[in-house]
Each structure stands twice: as structure tokens, then as C-alpha cells.
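Contents: one structure, followed by commentary.
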Amino acid sequence: MRRKAWFFGRAVLFLVAVAVAAGAVMVLWNTVVTTALSGAHALDYVHALGLLVLCRLLFGGFRGRGFGNRRGQWEKWQAMTPEEREALSQRWQGCGRSRGRNEQP
């Protein structure tokens with residue numbers, strides 16, 4: 001019985017959070033974008049909710065971590081041998097993202 005109440009409470013909290021976030025998107029859009037851009041139209045609540053979902057899908061996902069698990073990446077890096085680190089740095093040099101010590105111009 002407790003588990004059902006806990007799940008119901010979390011579901012209600014999630015729905016309230018989504019509703020508040022959609023309201024915030026609507027208010028911000030209607031105050032900022034319509035004044036900054038002359039051709040922008042005001043949003044109603046349903047379109048603000050759709051915009052919020054679209055932005056979360058495109059930019060953030062729904063897991064709440066943003067850009068991945070940085071701690072896990074750091075732990076993998078620490079567990080590598082110096083040879084493995086150098087090989088990884090060499091692979092990343094080809095992508096133009098190298099931050100290694102022996103970077104070639």
C-alpha cells in the first residue's frame with residue numbers, strides 16, 4: 001500500500017512540475033520574445049507545453065543529466081594506463097579536439 005501511495009505522490013509531483021514549467025515557458029515567451037522580435041506571436045498554454053517538450057527532446061533529454069555522466073568518464077580515464085591514455089589522445093587528435101601534451105601544430 002505504501003508503494004502505491006509513494007508512486008502516486010511522485011506522479012502528481014511530476015505533473016505539477018511539468019505544468020509549472022510550461023507556465024513559465026509561456027510567460028517568458030510572451031514577455032521576452034514578442035517584444036524582442038516583431039513577427040513573433042504570443043503562445044497559449046498548450047503551445048508552451050509543446051515547446052517545452054520539443055526543447056527537452058532536442059537539447060536535454062528527459063534523464064536530467066544534461067551532458068552525460070562526467071564522473072563516470074573521469075573514473076574511466078583514471079583507470080587507464082598511460083599507454084591507453086596516449087592512444088586515446090592520438091585518436092582524439094584526428095577529431096580536432098585534442099588537449100594532449102604533445103599537440104602538433
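Summary table below
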item: Residue in region 81-90 that is modelled with pLDDT under 85 and acidic (D, E) present; result: no
item: Total residues in region 3-31, condition surrounded by 10 or more Cβ atoms within 10 Å (Cβ to Cβ) and of a type in the set (D, E, K, R); result: 1
item: Residue that is farthest from the chain's Cα centre (by Cα) [pool: residues in region 64-80 that are outside any loop (DSSP other than H, G, I, E, B) and either aromatic (F, W, Y) or at pLDDT below 55 (or both)]; result: W77
item: Yes/no for V25 being in contact with a helix residue (DSSP H, G or I) (Cβ under 7 Å, 6 or more places away or on another chain) and of a type in the set (V, I, T); result: yes
item: Residue satisfying condition, being touching a Ser or Thr at 6+ places or on another chain (Cβ under 9 Å) and either without any contact (Cβ under 8 Å) to a residue 40 or more places away in the chain or of a type in the set (K, R) (or both), within set A42, A48; result: A42
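The values are calculated or read from the model by the stated rules, or taken from the named source; none is laboratory data. Computed from a prediction, not measured in an experiment: that's the story for all the values here. Reconstructed Cβ throughout: ideal geometry from the backbone, glycine too, with neighbour counts over all protein chains shown.
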